[in-house]
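The values are calculated or read from the model by the stated rules, or taken from the named source; none is laboratory data. In this text the structure is predicted, and so the values were computed from the model without any measurement. Every residue, glycine as well, gets a Cβ built from its backbone with ideal geometry; the counts of neighbours run over all protein chains shown. Note: areas computed on protein heavy atoms with side chains; ligands, DNA, RNA excluded. Shrake-Rupley method; radii C 1.70, N 1.55, O 1.52, S 1.80 Å.
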Amino acid sequence: MKITYSLNELSQTANELIKNAKHKTVLFDADMGVGKTTLIKEICKQLGVQDAISSPTYSLVNEYQGSDHIIYHFDFYRIEQEEEAYDIGFEEYLDSEAWIFIEWPNKISNLLPENSVKVKIELLSDGKRVLLMS
């Protein structure tokens, strides 16, 4: 699936991603500042999260309660080795029925489940973004 969107179309884009995701583990790949966290925040809102949503850059994982599901939001930008993900019990999160959103999945590539949705976001010269989901 391919979606070209502007920031004022973020809500519709998040809704399309949720509807078309074949798995609840979603891997977000994009350069720094392209909008991974911004999109994840909107997805969390669509899933019923009422709390403030922020990037877990320093804590590695944030947990949110949606209307029907728990949501785990990981940001692995700052880890140096995959073992750091083991240290926080990453594989236990994968065994849950929760939505799992992962920023910087390339940092833990050997730990990622096969049953996941890959989302690539690219910034266009006009400020719009292209989302590719597979």
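If we scan region 61-80, do we find a residue that is basic (K, R) and closer than 28 Å to T4 by Cβ? Scanning region 61-80 turns up no residue that is basic (K, R) and closer than 28 Å to T4 by Cβ. Restricting the first member to region 53-81 and to residues that are within 23 Å of S109 (Cα to Cα) and at pLDDT below 90, and the second to residues that are in a loop (DSSP other than H, G, I, E, B) and not small (G, A, S), the beta-carbon pairs closer than 8 Å and six or more apart or on different chains are T57/Y77; T57/R78; Y58/R78. Would you confirm whether any residue within region 38-58 is β-branched (V, I, T) and touching a Ser or Thr at 6+ places or on another chain (Cβ under 6 Å)? Within region 38-58, not a single residue is β-branched (V, I, T) and touching a Ser or Thr at 6+ places or on another chain (Cβ under 6 Å).
Scan L124, L132 and give me the residue that is open to solvent by 30 Å² or more (accessible area, probe 1.4 Å), among the aliphatic types (A, V, I, L, M), modelled with pLDDT of 95 or more and touching a Lys or Arg at 6+ places or on another chain (Cβ under 9 Å). Please lay out each step first, then the result.
Details: L124 fails: touching a Lys or Arg at 6+ places or on another chain (Cβ under 9 Å).
Going through L124, L132 in turn, just one is open to solvent by 30 Å² or more (accessible area, probe 1.4 Å), among the aliphatic types (A, V, I, L, M), modelled with pLDDT of 95 or more and touching a Lys or Arg at 6+ places or on another chain (Cβ under 9 Å): L132.
State yes or no: is P56 open to solvent by less than 10 Å² (accessible area, probe 1.4 Å) and in contact with a strand residue (DSSP E or B) (Cβ under 9 Å, 6 or more places away or on another chain)? Criteria met by P56.
Sub-9 Å Cβ pairs linking a first residue in region 39-50 that is closer than 12 Å to F101 by Cα to a second residue that is open to solvent by less than 10 Å² (accessible area, probe 1.4 Å) and charged (D, E, K, R), at least 6 apart or interchain, are I40/E103, ordered by first then second residue. For region 91-104, the set of residues classified as in contact with a helix residue (DSSP H, G or I) (Cβ under 9 Å, 6 or more places away or on another chain) and not charged (D, E, K, R) consists of L94, W99, I100, F101, I102, W104, listed by residue number.
None of K41, K36, K45 is modelled with pLDDT of 95 or more and either of a type in the set (A, V, I, L, M) or under 20 Å from M1 (Cβ atoms) (or both) except K36. The number of residues in region 91-110 that are open to solvent by less than 10 Å² (accessible area, probe 1.4 Å) and either within 8 Å of L27 (Cα to Cα) or hydroxyl-bearing (S, T, Y) (or both) comes to 3.
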